[in-house]
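This report refers to the structure that appears directly beneath it.
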Amino acid sequence: MIVAIVGCPNVGKSTLFNRLIEDSRAITEATPGVTRDRHYGHVEWNGKHFTVIDTGGYWRMDKGNIFHRKIQDQILSSLEEADLILFLVDGRLDSSGPTPWDQDIASLLRKLNKPLVVGVNKLDTTALWSRHYLFESMGLGEVFPLSALSGSGTGDLLDALVSHIPVLGPEGEGVSTENISPPYIGLVGRPNAGKSSLFNALLGKERSIVHEERGTTRDPVHADYKYYQYHLRFIDTAGIRRKKKMGGAIEVYAILRALRSISRADVCVLVLDATENLSTQDMHILQTAYRQKKGLVIFVNKWDLVEKETNTAKEYAILLRERLGEMSHVPILFGSAKDKQRIYKLVSTLAEIDQTRRKQLKTADLNKFLLEEIRKVPPPSIRGRQLRIKYAMQLSFPPPLSFLLFCNYPQEVPETYKRYLKRTIRTHYNCQGTTITLYFRKK
């Protein structure tokens, strides 16, 4: 079951969304229009599961505001998709009950002929608790008093929501039959690189609002992607700028959530603008994901805007890899989100990287290959002492790929030789775009 939360700006929809999913995924700020895209979360209550959608505030149209139409389109899409609508109102605004804007939304919801629950929010004290009766005049169904901030009343609200979920068998709704959940793919990069355009191109619809203004995306936007045998979960994130270039608190929160999305992702796609050079900030974003041992892909977007000759892409990739250093193994793809050029190649590359990160290698095969390579290129002597690596094994269940190597002087293994071993393993097992970690122990 899918539940869409709708209402006027600043009634507390994102606060309630965060409360229901038990996570601070959506930005909450006392400024109208902070939430722009719609966001999905998973809720479990008394053994029942459902999906909840957080939407932007419903506005009376302001033709001078470039985002109003796009936000309203996102809200209407959520209403069409939802099985149940949670209409949230602010119980403190007007002593007479619903505002004219609330009445506008009520008129819209009546036409949908879908199950509906009304939540009266911001009733933070017992003195305000009885005010929820003022909203029964709208004639929309059950009305529940609550405080999303403190959590008061949300239990009764959840009871009402899950009562609409049909009782199904063991293979029914909310029961996952998959042993391994789909990998999370984070689309990251600087503002205006085309992350949201790529996100929409992959999904085949406008799930993220796209505009040339920097900072259009604020909250991370999640969506499942299924294409033949591929099943991925994409996260569209806010553009990450340097600290001294950040705007107000909203942008700071958006960037913090983008960085948090990197932590949550299994594989990160750094989206670059082909019309601009690789910047220090691009490298910082890539290194952040690399240090957290994420799978990595670079997608050079807007390639349709570049004047090309025979070897333009090849020469661009060479220059790029020179800057990447130890991350030079990361796959580089050239394409266009606008024209959907090579986006399916990106999907297959992401799936391959995820499968590689989950590889379980046989210890016997690993030692046969690796010890032979070590014999051909032995580690250097350190202060007259000869390093000898005697045995290797893969650690636990990946991801990421981690190996334990036994040797006589584990603290003396040079970084240059560690990098050689990583390159050797990566090449032999075709682990491009995958982080490899080596640990050494004395034997």
In nm, to one decimal, how far is the modelled label at residue 318 from the one at residue 382, with both set 7 Å along Cα→Cβ? 3.7 nm
Go ahead and collect, in residue order, the members of the stretch 374-397 whose backbone nitrogen is under 16 Å from a label point 7 Å along the Cα-Cβ direction of residue 420. 374-390
For an R0 of 51 angstrom, estimate the FRET efficiency from the Cβ-Cβ distance between residue 156 and residue 390 and round to the nearest 0.05. 0.20
Between residue 280 and residue 126, what length comes free when the chain is fully extended (0.36 nm per residue of separation minus the Cα-Cα distance, one decimal in nm)? 50.1 nm
Run the accessible area of the stretch 285-348 with a 1.4 Å probe and give the carbon-and-sulfur part as a rounded percent. 48 percent
Would you kindly find the accessible area of residue 443, with a 1.4 Å probe and non-protein molecules such as ligands, DNA and RNA excluded, rounding to the nearest 10 Å²? 130 Å²
Return the Rg/Rh ratio of the stretch 330-382 with Cα-based radii and a Kirkwood Rh. 1.27
Bin all alpha-carbon pair distances of the stretch 92-161 at 5 Å intervals from 0 and give each bin's fraction as a whole percent. 3, 16, 27, 25, 19, 8, 1
Could you sort out which of 338/359; 13/338; 293/390; 314/345; 48/345 sit more than 28 Å apart by Cα distance in this structure? 338/359; 13/338; 48/345
Normalised by the empirical 2.2 N^0.38 Å for globular proteins, what value does the Cα Rg of the stretch 260-410 take? 1.30
Highest mean first, how do 98-111, 305-318 rank when packing is the count of other Cβ atoms within 10 Å averaged over residues? 98-111, 305-318
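The values are calculated or read from the model by the stated rules, or taken from the named source; none is laboratory data. Just so it is clear, the model here is predicted, and its values are computed rather than measured. Glycine gets a Cβ as well: all are built from the backbone with ideal geometry, and neighbour counts include every protein chain shown. Calculation scope for accessible area: heavy atoms of the full protein, side chains included, ligands and nucleic acids excluded. Shrake-Rupley method; radii C 1.70, N 1.55, O 1.52, S 1.80 Å.
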